[in-house]
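Single-structure report; data block below.
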Amino acid sequence: MTSHQIRQAFLDFFRSKQHLIVPSAPLVAKNDPTLMFNNSGMAQFKDFFLGNGTPPSRRIADTQKCLRVSGKHNDLEDVGFDTYHHTMFEMLGNWSFGDYFKKEAIEWAWELLTEVYQLPKDRLYVSVFEGNSGDGVPFDQEAWDLWKPIVGEDRIILGNKKDNFWEMGDTGPCGPCSEIHIDLRPAADVAEIPGKSLVNNDHPQVVEIWNLVFMQFERKADGSLIPLPATHVDTGMGFERLCMAVQGKTSNYDTDVFQNTIQVLETMSGKKYGNPDEPFADIAMRVISDHIRAVAFAITDGQLPSNNKAGYVIRRILRRAVRYGYSNLGFQEPFFYKLVPVLAEQFKDVFTELKAQEEFVTRVILEEEKSFLRTLESGLKRLDNVVVSLKEKALNTIPGDEVFELSDTFGFPVDLTALIAREKGFQIDEIGFQDALAEQKKRSRQDAAKEATDWIELREADGVEFLGYDFEETHSHIVKYRKVKTKTGEEYHIVLDRTPFYAEMGGQVGDTGILILNEGKTVSIIDTKKENDLFVHISRDKNLDEALQNAGLVTAQIDIARRDRIKANHTATHLMLSSMREILGTHIGQKGSYLNDEVLRFDFSHFSKVSHEELQQIEDRVNQKIREDIALDERRNVPIQQALDAGATATFGEKYGDFVRLIIFDPTFSFELCGGTHVPSTGKIGIFKFISEGSVSAGVRRVEAVTGEKALEIMRQQEERLDKIKDLLKNPTDLVKAVESLIDEKNSLQKKIAALENEKIQALKSGLIESMETHSTFNLIVAKVSVPSAESLKQLSYELRDQVENLIAVFGTDIAGKPQLSVFIAENIVQETGLNAGKIVKDLAKEIRGGGGGQPFFATAGGSDASGLETALEKVKGLF
């Protein structure tokens, strides 16, 4: 069976068992603060297990895109070195929400594996949970009794909490499980060593292929377990391992899931996969063929590579793949992006979104590769120099500050440095790296982590009913609340059974307003967030416990004026996207948005700057549609396929249900799937005005715009500034010419100043050379100098370098009471001795109460205490 047939057989089997087949959720987790990426099949169904929502069917099956590269589930370090770990993988799963339980799950799993896939029964083993007295969970006798007549006692293994009690995280749904393992070793090996003894012992051919989780409990924040309102089944079968078993392979990478990509890599590199003489080539091909899936699908689902959070994870994976291709397959030019078409073709009938965005994903990866390759070679040289220096000193640990510099300056993620170090027989100082990282974070720390208590339940509710499309005020009951500690103090998170408050999602901010409790007491709501399927109303009012617990019927009122401004911005965003697609091309797709009551910000796929003329055309088109005062045509609960077939625009990376809401402003112009709030007609927007356009990342542009009163306010501010400029210039008849004349005059004066400064530096230079100390291997100049700027220190150092061989120059200066230091070391000295100007200047900067850094050959520092300059320069003489 091909991988496509194997996947389809799974879905067809469970369709025959009355399961609803649902699409995969996006790889990037949405509205779940506990997850960065969807790391398991059950992630999108979490709320159903908790009782916070109602599933579309009590029986569901799917294949889910998963990514395990962060947090508790992190397989990144293993990928490439073994034959069965992956970053992105597919998880085949069948689910029961309060319907069938252990009996059906076990019997159907056995039927599928042995009758449909015809896996040999004598090669399969199962495990059951042995119990845990600490958690008060007994031995899973029921699962044992069900498995015993199927496989016999000799093929049942008792598993501990680590292997046979499944938990998604520190809190949430959990329960005992039964794993199914298969022994894929040759018959001779099986005869010699029973497979039972190798289960869960990391043998590459004795692997788990299916996990049947029996959801019975919820783990609370204090570690306790409470029974779920109803029992559920959550199964997960790794698609790639299943293909290995069904296709009779000994490696996931030998299956047709990966072989298409590997064969392309063989052609591109001229190396053969499986060549025992080049083991690192095999590792590289496994890494690359795995990582391209994670990167491509993450970008498709809306997560672009970046320097923080989820974006940084994707960038790390991409750079790990590129480095393997560079070091082990000889790829000196971008190559990773060339694999996107291969992947898009392979999955065009399964995950169609990649094929639809093939060009965009390819361009993003290409730009990322170009950027990393520019620093990769120099970073590897730097690392080689460090290793040589350590070998000379008989050391085998790369210092933490070196690891940090490789990360900060050359873009080497710490795990990449650790990997390269291991290949060279070294380790890294992880603690030292963390210290250096912590110091940097201290300077740029933003939000503190939130610390939450468990929900305090006040009453039962089937779910939250959102009424905000039709009402600005509702009468509601408080379902539950919790207290959350933040950097700025304590917050109350409140859940109502019905609410008019829109929770932040789809780029639209959450509503603010008030809750009116008993006897007129009001609670200020400063924001509304969506957490899974809950609408969470956030308040920073103090001491609300008693009032919330005693509240009967609550009146929930949104800030109507603020909501109206938000609606105007949201509708304007729809009109703008349609106008962009008309004027710039149909390739324009939404890559992110943010809109509040002040401004709308929109990220979109486009590979060149939007010209001033194009922006004016888009702006004019939007304002034309505003003047037409087109009435909103809103349609709710439309079957999603019907909406897509009718031409509705959907956003890639968003998870839509079986039924969707359509927002239409003229079906021939703006026709979108959307859950946000909108004006009743476009005329309510008033006016639309762009305020900025720029680049966000490779292939992604960003515009910002304003509407209504905010647009008028900005235009008036611009008029006022223009009037002030005219007054300052004595009301010239031609303002543009007057400003151009000023600029010309300024440039001329700057050239004269630069010439004078250069004369001063030339005079200073000869005196410094005369004061130079000559040593056997270097020439040293240390001096306090008088220069007009910090840039002059660099000019002085570089000009001296051109005249003096083997130069080390350290200068200090006081510019208007602000001390500056610079350290220059000739590049040949840096390579031969390992001296580092950045480290030296950081040490010297302590004397002037400052800090700094730079390259190993040139670095600068600034401070606040000029009186320490002499001490700093005196300190230099003891360093060489």
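Number of residues in the range 103-145 that are hydrophobic (A, V, I, L, M, F, W, C) and more than 30 Å from residue 223 (Cα to Cα): the value is 8. At least 1 residues being at positive phi and in contact (Cβ under 8 Å) with a residue 12 or more places away in the chain is the threshold, and among the strands (runs of 3 or more DSSP E) wholly inside the range 136-208 those reaching it are 172-183. Pull up the range 864-880, narrow it to residues that are modelled with pLDDT of 90 or more and assigned to a loop (DSSP other than H, G, I, E, B), then point me to the one that is farthest from the chain's Cα centre (by Cα). The qualifying residue farthest from the chain's Cα centre (by Cα) is 865. Taking the range 777-814 as the search range and keeping residues that are free of Cβ contacts under 8 Å to residues at least 60 places away in the same chain, of a type in the set (Val, Ile, Thr) and in contact with a strand residue (DSSP E or B) (Cβ under 9 Å, 6 or more places away or on another chain), which one is farthest from residue 874 (Cα to Cα)? Checking each candidate, the answer is 804. Among the residues of the range 602-618, those that are surrounded by fewer than 18 Cβ atoms within 10 Å (Cβ to Cβ) and in contact with a Lys or Arg (Cβ under 8 Å, 6 or more places away or on another chain) comprise 607, 609.
Filtering 137, 116, 128 for residues that are within 40 Å of the chain's Cα centre (by Cα), under 16 Å from residue 234 (Cα atoms) and among the β-branched types (Val, Ile, Thr) leaves a single hit, 128. Return yes or no: is residue 211 of a type in the set (S, T, N, Q) and assigned to a strand (DSSP E or B)? When the stated conditions are applied, residue 211 passes them.
Within the range 395-412, residues that are free of Cβ contacts under 8 Å to residues at least 60 places away in the same chain have Cβ atoms under 6 Å from residues that are among the aromatic types (Phe, Trp, Tyr) and part of a helix (DSSP H, G or I) in these pairs: 400/433; 403/433; 404/433, counting only partners at least 6 apart in sequence or on another chain. Counting the residues of the range 466-494 that are at pLDDT 90 or above and in a strand (DSSP E or B) gives 17. With the structure loaded, tell me whether residue 812 is touching a helix residue (DSSP H, G or I) at 6+ places or on another chain (Cβ under 7 Å), in the same structural domain as residue 849 (by TED's automatic domain parsing), modelled with pLDDT under 95 and buried (at least 17 other Cβ atoms within 10 Å of the Cβ) or whether it fails that test. Considered against the rule, which asks whether it is touching a helix residue (DSSP H, G or I) at 6+ places or on another chain (Cβ under 7 Å), in the same structural domain as residue 849 (by TED's automatic domain parsing), modelled with pLDDT under 95 and buried (at least 17 other Cβ atoms within 10 Å of the Cβ), residue 812 comes out as yes. Only residues that are surrounded by fewer than 23 Cβ atoms within 10 Å (Cβ to Cβ) and in contact with a Lys or Arg (Cβ under 6 Å, 6 or more places away or on another chain) were counted across the range 558-597, and they come to 3. On inspection, residue 339 qualifies as out of contact with any Phe, Trp or Tyr (no Cβ under 9 Å at 6 or more places or on another chain), touching a residue at least 12 places away in the same chain (Cβ under 8 Å) and not assigned by TED's automatic domain parsing to the domain that holds residue 589. With the structure loaded, tell me whether residue 834 is closer than 20 Å to residue 408 by Cα and in contact (Cβ under 8 Å) with a residue 40 or more places away in the chain or whether it fails that test. Spelling it out, residue 834 is indeed closer than 20 Å to residue 408 by Cα and in contact (Cβ under 8 Å) with a residue 40 or more places away in the chain. Listed here are the strands (runs of 3 or more DSSP E) enclosed by the range 556-644 that have at least 2 residues being within 30 Å of the chain's Cα centre (by Cα) and charged (D, E, K, R): 600-605.
Of all residues in the range 495-527, those satisfying the criterion of being hydrophobic (A, V, I, L, M, F, W, C), in a strand (DSSP E or B) and over 12 Å from residue 541 (Cα atoms) are 495, 496, 505, 516. Residue count for the range 267-310 under the criterion of being assigned to a helix (DSSP H, G or I), surrounded by fewer than 17 Cβ atoms within 10 Å (Cβ to Cβ) and within 9 Å of the chain's Cα centre (by Cα): the result is 1. Pairs linking a residue in the range 703-718 that is over 12 Å from residue 572 (Cβ atoms) to a residue that is surrounded by 14 or more Cβ atoms within 10 Å (Cβ to Cβ), with Cβ atoms under 6 Å and 6 or more positions apart or on different chains, are 714/706. Checking each residue of the range 237-260 against the condition of being at pLDDT 90 or above, small (Gly, Ala, Ser), outside the structural domain of residue 87 (by TED's automatic domain parsing) and not in a loop (DSSP other than H, G, I, E, B) gives no match.
Listed here are the residues, each with its yes/no results for (1) surrounded by 17 or more Cβ atoms within 10 Å (Cβ to Cβ); (2) among the polar types (S, T, N, Q); (3) in contact with a helix residue (DSSP H, G or I) (Cβ under 7 Å, 6 or more places away or on another chain).
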{"site": "773", "(1), (2), (3)": "no, no, no"}
{"site": "781", "(1), (2), (3)": "yes, no, yes"}
{"site": "792", "(1), (2), (3)": "yes, yes, yes"}
{"site": "816", "(1), (2), (3)": "no, no, no"}
{"site": "820", "(1), (2), (3)": "yes, yes, yes"}
{"site": "825", "(1), (2), (3)": "yes, no, yes"}
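From the list 190, 206, 213, the one residue that fits, being under 20 Å from residue 113 (Cβ atoms), in contact with a His (Cβ under 8 Å, 6 or more places away or on another chain) and not small (Gly, Ala, Ser), is 206. The residue of the range 512-557 that is surrounded by the fewest Cβ atoms within 10 Å (Cβ to Cβ), among those that are touching an Asp or Glu at 6+ places or on another chain (Cβ under 7 Å) and β-branched (Val, Ile, Thr), is 555. Under the condition of being modelled with pLDDT of 75 or more and either over 13 Å from residue 87 (Cα atoms) or assigned to a loop (DSSP other than H, G, I, E, B) (or both), the residues counted in the range 43-73 number 15.
Among the residues of the range 747-762, is any assigned to a loop (DSSP other than H, G, I, E, B), buried (at least 16 other Cβ atoms within 10 Å of the Cβ) and not aromatic (Phe, Trp, Tyr)?
No - not one qualifying residue is present in the range 747-762.
Of all the listed residues (303, 247, 263), the sole one being farther than 30 Å from residue 13 by Cβ, of a type in the set (S, T, N, Q) and in contact (Cβ under 8 Å) with a residue 40 or more places away in the chain is 303. Candidates 664, 626: the one that is touching a strand residue (DSSP E or B) at 6+ places or on another chain (Cβ under 8 Å) and either among the hydroxyl-bearing types (Ser, Thr, Tyr) or in contact (Cβ under 8 Å) with a residue 60 or more places away in the chain (or both) is 626.
The values are calculated or read from the model by the stated rules, or taken from the named source; none is laboratory data. Keep in mind it's a predicted model, so treat the numbers as computed, not measured. Here the Cβ is made from the backbone with ideal geometry for all residues, glycine too, and neighbour counts use every protein chain on show.
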